[in-house]
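The block underneath contains the structure these notes are about, expressed in structure tokens.
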Amino acid sequence: MNTALKIAAFATGVTAVFGAAYGAGHLTGDGTPAPRPAGAAHAGHTPAAAGTAAAAGSPAEQLPGGLQVSERGYTLALENPFVTAGAPAELRFRILGADGGPVTGYRPAHEKELHLIVAPRDLSTFQHLHPVRAADGTWSAPVALPAAGEYRVFADFTPAGAAEGLTLGADLHAAGELRPAPLPRTGRTVTVDGYTVTLDGELTPGRAGQLTLNVARDGRPVTDLQPYLGAAGHLVALRAGDLAYLHVHPDGHLPEGAATAGGPAITFTTTAPSGGEYRLFLDFRHEGAVHTAAFTLPVGGTPAAAPTAEAPAASAETPAPTTAEAQAPTPAPTGHGDGGHQH
């Protein structure tokens with residue numbers, strides 16, 4: 001066989017081998033397409049009873065919310081992704097369906113059809129907005145970005161008729177003099193608007209864990225927190241580096257029309273998708289005003305192992321390593337103080 005024929009035969013063999021391997025990776029044993037990982041449809045809303053996730057890099061790994069501008073046929077389309085830092089602007093966008101048309105039907109969650117989060121890449125600030133939807137499906141909300149830089153916009157919603165919600169993310173650019181800041185170091189206690197909030201608990205990658213936040217003022221526990229959007233509080237967690245999004249709500253449910261939400265403790269159950277550092281933003285309401293406490297939480301990098309018959313899962317989790325940190329100064333405003341929480 002001459003050289004040209006040998007090369008052609010070798011190339012054909014390599015193509016066949018890699019083609020078979022690719023097909024095996026995308027098909028199940030009966031030749032049907034492999035199913036989508038369970039729970040991947042709405043990774044942004046972490047279930048309260050989340051099970052043990054697969055190790056990082058495995059086919060069943062759950063993708064966190066907010067990393068994609070399009071998912072499951074839906075697309076977050078910003079009308080104008082360019083604004084000027086420090087100047088008031090109107091943020092306008094649409095959620096487009098698989099047919100390219102705007103979505104006009106939504107299933108409300110926590111008293112709103114859509115929750116909008118805006119945060120810069122350095123996670124120094126945070127805004128939780130509730131935009132208004134026009135009849136043609138266009139959403140709008142006033143926004144003022146405090147500093148120049150790259151921001152991420154997260155739309156958290158459930159389309160009408162959908163079994164699960166999802167979180168889409170898109171970039172927003174704020175023009176001006178860029179002054180990037182390092183990730184804030186907060187420790188476990190922060191002070192905001194005269195309230196002291198303490199964080200207890202740890203997160204382990206791939207395993208559901210509890211975080212409890214206790215609210216106090218003037219050295220006394222706050223026991224008359226008010227419901228905010230139908231809950232005792234709201235917690236958003238963003239992973240430093242790529243801003244993977246987790247949005248969780250307190251354990252338990254408040255009775256409809258409840259006048260108080262108790263306190264001082266608000267407990268959340270969530271699952272960190274990986275190790276790393278996370279910024280946690282707690283919204284709580286007291287005496288008619290919404291306040292936001294921000295924390296930086298280090299999470300250990302070893303995924304939780306799935307229990308097996310030979311080695312049952314331990315009953316107690318190994319706490320994630322933490323960094324010894326001095327108490328930081330009062331965090332910068334996050335857009336949630338008195339009058340700052342926009343709707």
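The values are calculated or read from the model by the stated rules, or taken from the named source; none is laboratory data. Remember, it's a predicted structure, so these values are computed and weren't measured experimentally. Note that we place each Cβ from the backbone using ideal geometry, even for glycine, and neighbour counts take in every protein chain shown. The accessibility values were calculated without ligands, DNA or RNA, using every heavy atom of the protein model including side chains. Shrake-Rupley method; radii C 1.70, N 1.55, O 1.52, S 1.80 Å.
Between the C-alpha center of the range 245-266 and that of the range 84-111 there is a gap of 26 Å.
Length gained on full extension, Asp200 to Arg92, computed as 0.36 nm times the residue gap minus the Cα-Cα distance: 35.1 nm.
Dividing the Cα radius of gyration of the range 97-212 by 2.2 N^0.38 Å, with N the residue count, gives 1.31. Taken per residue, the accessible surface of the range 110-230 reaches 39 Å², heavy atoms only and a 1.4 Å probe.
Counted residue by residue at 0.36 nm each, then reduced by the alpha carbon distance between them, the extension gain from Glu287 to Leu178 reaches 35.6 nm. Here the range 178-224 and the range 138-168 have alpha carbon centers that stand 24 Å from each other.
The distance between label points at Ala134 and Thr104 comes to 1.3 nm (points 7 Å beyond Cα on the Cα→Cβ vector). Put a dot 7 Å past the Cα of Ser70, heading toward its Cβ, do the same for Glu164, and the two dots end up 2.1 nm apart. Compactness of the range 121-160 was expressed as the Cα radius of gyration divided by 2.2 N^0.38 Å, which yields 1.41.
Entry for the range 157-217 at q = 0.18, 0.21, 0.26, 0.29 Å⁻¹: log10 I(q)/I(0) = -1.02, -0.97, -1.02, -1.14, Debye formula applied to identical alpha-carbon scatterers, no solvent contribution.
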